[in-house]
Amino acid sequence: MEQRTKVGVIGAGAVGSACLLSLVLRGSAREIVLVDRARKRAAGVATDVRYGAALVGAADVRDGDYADLAGAALVIITVGVNEKTGGATDRNDPAGRLRLLETNARIYKEILPQIFKAAAEAVILVVTDPPDPLADFTRGFGFKRVLSSGTFLDSLRFRFHLAQRLNVDPRSVDAQVLGEHGTSEVLLWSSARVAGAPVLTILGQSEKERDELRRGIEREVRYANITIIEGNQASQYGIGMVSARIAEAVLLDERVVIPIGSYNPNYGVTLSLPSILGREGVAQLLEPEMSEQERQALQRSADALRSTWARIERL
């Protein structure tokens, strides 16, 4: 099979621009097309990045229209309102980024037919919040291979905070977040390890101290986007780097295992589980061992996602 190395990025805002820059800096793709409803903005961003691209590789970076997505192996969708613009920055609101769903689904309803016309066979990576229900919405337009950026970034945040407490390199920490990319996400403490040793054992604290630590880390991970937005208006760089890494796994058919969102028939919704990722998207879902409490939390996360469908099925 001929290897396709073309990627489309829809949206030239903060997140789309960060995705584009990360794709170029990592050398993830040979050809990248940036599409935005404001063509002049897309042209400006693409030109700015293109001038520096010669320092890191031979990527062909350009702006374009939906028709220019033809032949793309992967299309990354970033358009829509973010948590700040959409009023989803209240840590006490259990809906979290799901509050953005109706607004962003209406935007998707306008652009998805245009993407499908040009690149029906591409893997679609939904980055717009909330990515999980929007991935299900996208599948409804005929796309066969749809991913949500899911909890990949959340898992990296979990690893970072654990590594900080343990004073080790985050790359040495094996820890995952599953379920919704949102307030109902599930941090798998029972399987968090460093070199096979349970994290909670390494911490060596009293039960009360461990519980306080867990609550603190969960809050930092669960509401990281809000913390970032409070300082920088948009959470963009981390998700840009994660999107580029996902692009590499797809374009190179790596079959790497990461926590990423895709439709799960057992739960009837798109959510994140460890997944084998390659050229055709998710090749296989893996469900890790969990405590009973974590398994129940994952089911509640799936229930919360399914309940969102009543809000968009009429669109």
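The numbers here are math on the coordinates, done by the rules we state, and not lab data. The structure presented is a predicted model; accordingly, all values stated were derived computationally and were not measured. Note that we place each Cβ from the backbone using ideal geometry, even for glycine, and neighbour counts take in every protein chain shown.
Brief remarks on what is shown
- Here's the list of lysines a cross-link from Lys117 could span, going by alpha-carbon distance under 26 Å and ignoring same-chain residues fewer than 8 apart: Lys6, Lys40, Lys109, Lys144.
- Computed over the chain with a Gaussian network model linking Cα atoms closer than 10 Å, the most mobile of Asn225, Asn104, Asn264 is Asn264.
- Residues whose amide H lies under 5 Å from that of Asp63, counting only those 5 or more places away or on a different chain, are Leu34; hydrogens are built 1.01 Å from N in the peptide plane.
- Mean Cα-pair separation over length for the chain, i.e. relative contact order, pairs under 8 Å, 6 or more apart, %: 19 percent
- The chain pair-distance distribution - Cα-Cα, 20 Å bins, rounded %: 34, 58, 8
- Against the chain, whose longest principal axis is taken from its Cα atoms, helix 101-119 shows a tilt of about 50°.
- Using θ = phi - 60° and Karplus 6.51 cos²θ - 1.76 cosθ + 1.60, couplings along segment 25-40 (whole Hz; Gly, Pro as x): 5, 8, x, 6, 9, 8, 9, 10, 10, 9, 10, 8, 4, 9, 4, 5
- Fluctuation leader among Phe158, Phe141, Phe116 - the chain, Gaussian network, Cα springs under 10 angstrom: Phe141
- Averaging the Cα positions of each part gives two centres, and for segment 67-107 and segment 166-226 these lie 27 Å apart.
- Highest mobility in the GNM of the chain, judged by mean-square fluctuation with C-alpha springs under 10 Å and restricted to Ser272, Ser291, Ser22, is found for Ser291.
- Taking a sphere under 11 Å around the Cβ of Asp60 and counting the other residues whose Cβ falls inside, with K and R at +1 and D and E at -1, yields a net charge of +3.
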